[in-house]
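Before I ask anything, here is the structure I am working with.
The values are calculated or read from the model by the stated rules, or taken from the named source; none is laboratory data. Note that the structure is a prediction, hence the values are computed from the model and not measured. In this analysis, Cβ positions are derived from the backbone assuming ideal geometry, glycine residues included, and neighbour counts consider all displayed protein chains.
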Amino acid sequence: MSIYKENDIIECSVTGIEKYGFFVKTKDGYNGLIHISEISSSFIKSIYDYVSMGETIRAKILSVDEDNKQIKLSIKDIDYRIHTSLPADRVEGFKILKEHLPIWMEDALKEINDNNT
């Protein structure tokens with residue numbers, strides 16, 4: 001019995017990018033292809049606008065070849081990006097920027113005005 005079924009949404013890593021699509025690998029060792037026609041309904045100028053090497057994405061399974069451990073996939077109609085939250089220490093750094101930005105802007109505007117008078 002296959003661990004993957006058609007229409008499942010799985011995570012996979014981008015292992016190769018070609019003009020006609022890109023290749024992925026699952027954590028279970030399956031190799032997959034996402035053909036350029038399964039990336040978007042719109043014209044695709046560059047596949048690099050959609051994915052980058054080593055990126056982990058979500059993809060929808062179109063078909064599974066159990067004998068060869070290969071899958072055909074699509075990202076056309078799903079949110080394929082994996083959204084992660086920032087680590088707490090990075091969030092704290094942004095809070096500091098948020099707090100200080102108005103002060104820095106006020107100081108910069110004052111300096112500009114002083115230089116123009």
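Any idea how many residues of the stretch 51-72 are part of a strand (DSSP E or B) and out of contact with any Phe, Trp or Tyr (no Cβ under 7 Å at 6 or more places or on another chain)?
The initial filter retains those residues of the stretch 51-72 that are part of a strand (DSSP E or B), namely 56-65, 70-72.
Filter once more, keeping what is out of contact with any Phe, Trp or Tyr (no Cβ under 7 Å at 6 or more places or on another chain): 56, 60, 62-63, 65, 72.
Result for the stretch 51-72: 6.
Keeping to the stretch 51-83, report how many residues are among the basic types (Lys, Arg), within 17 Å of residue 7 (Cβ to Cβ) and without any contact (Cβ under 8 Å) to a residue 40 or more places away in the chain. It would help to see each step written out before you state the result.
As a first pass, look at the stretch 51-83 and keep what is among the basic types (Lys, Arg): 58, 60, 69, 72, 76, 81.
From the residues that got through so far, the ones that are within 17 Å of residue 7 (Cβ to Cβ) too are 58, 60, 72, 76.
Okay, now just the ones that are also without any contact (Cβ under 8 Å) to a residue 40 or more places away in the chain, so 76.
Selection size over the stretch 51-83: 1.
A further question on this structure: Only one of these conditions is not met by residue 86: (1) at pLDDT below 70; (2) surrounded by 10 or more Cβ atoms within 10 Å (Cβ to Cβ); (3) out of contact with any helix residue (DSSP H, G or I) (no Cβ under 9 Å at 6 or more places or on another chain). Which number is it?
Only one criterion in (1) at pLDDT below 70; (2) surrounded by 10 or more Cβ atoms within 10 Å (Cβ to Cβ); (3) out of contact with any helix residue (DSSP H, G or I) (no Cβ under 9 Å at 6 or more places or on another chain) is unmet by residue 86, namely (3).
Taking only the stretch 1-50 into account, find how many residues are without any contact (Cβ under 8 Å) to a residue 12 or more places away in the chain and either in a loop (DSSP other than H, G, I, E, B) or touching a Gly at 6+ places or on another chain (Cβ under 7 Å) (or both).
Of the residues in the stretch 1-50, 7 are without any contact (Cβ under 8 Å) to a residue 12 or more places away in the chain and either in a loop (DSSP other than H, G, I, E, B) or touching a Gly at 6+ places or on another chain (Cβ under 7 Å) (or both).
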